[in-house]
Amino acid sequence: MSEMERTLAIIKPDAIARRIAGEILSIIEQNGFRIRAMRMLRLDRAGAEGFYAVHRGKPFFPELVEFMTEGPIIVLALEREDAIKKWREVMGATNPANAAEGTIRKRFGESIQRNCVHGSDAPETARFELGYFFRELDLV
Ligand code: GDP
C-alpha cells in the first residue's frame, strides 16, 4: 500500500472567473482527495514570481505572472495515497490540447496558459509549495 501524501493544488484565476471552481472542487472530492486546507487569495506580482521562481527567465514567465495575478485563486492542501501523481493525472497535461479525455484541463482548459489548475510535480516541490501558502497549523 502506498503512503498518504500531500500536494498543493491551485484553482487558477481563469477557473474562478468562469465560475467552475465548485465543479473542480467536486472533482477533487470525487477522486478521493481530502481537503486539508483551503484559502482564496489574490497573488501580487512578487507572490506569483516567487511561486513560479523555477520558470523565471522562460519566455512565458511575464505572461504567466500576469495571468496568475489577474484575479483571485483558491489554494488547497490535498491528501490521499499517491496524491502528487494522482492529482496530476486528474488535471491532465499542461496543454489542454494534449490532455487525456476526462481530465480537468481537457474539459475546461482554454490554452496552455489558461489551464484552470496547478499541481505540485514532486515531493520536494510539494513541500515548498505547501509551505508557500500554509503553515503546519492551518492543515487540519
Ligand atoms: P504544469 O506543472 O503542468 O502546470 O506546467 P509547468 O510547470 O511547465 O508550467 C507552469 C504553468 O505555466 C502552466 O500550468 C501554464 O499555466 C504556464 N505555461 C506552461 N508552458 C507555457 C507556455 O509554453 N506558454 C504559456 N503562455 N504558458 C505556459
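Miscellaneous remarks
- In sequence order, calculated HN-Hα J values of the range 39-52 (Karplus, 6.51, -1.76, 1.60; Hz; x Gly/Pro): 8, 9, 7, 10, 6, 8, 4, 5, x, 6, 5, x, 5, 9
- Taking a sphere under 12 Å around the Cβ of Ser120 and counting the other residues whose Cβ falls inside, with K and R at +1 and D and E at -1, yields a net charge of +1.
- Relative contact order of the range 4-135, defined on C-alpha pairs under 8 angstrom at six or more residues apart (%): 37 percent
- Seen from all directions on average, the chain presents a Cα convex hull projection of 8.2 nm².
- Rounded to the nearest 500, the 222 nm mean residue ellipticity of the chain from helices alone is -10500 deg cm²/dmol, with -39,500 (n - 2.57) taken per DSSP H run of at least 4 residues.
- The phi torsions of the range 73-78, fed into the Karplus equation with coefficients 6.51, -1.76 and 1.60 and a -60° offset, translate into couplings of 10, 10, 9, 9, 9, 10 Hz, rounded to whole numbers, with Gly and Pro shown as x.
- Among Phe51, Phe33, Phe108, the residue with the largest mean-square fluctuation in a Gaussian network model of the chain, with springs joining Cα atoms closer than 10 Å, is Phe51.
Only the coordinates and a few stated rules stand behind these numbers; no lab work does. Quantities reported herein were computed from a predicted structural model and do not represent experimental measurements. As a convention, Cβ positions derive from the backbone with ideal geometry for all residues, glycine included, and neighbour counts pool all protein chains shown.
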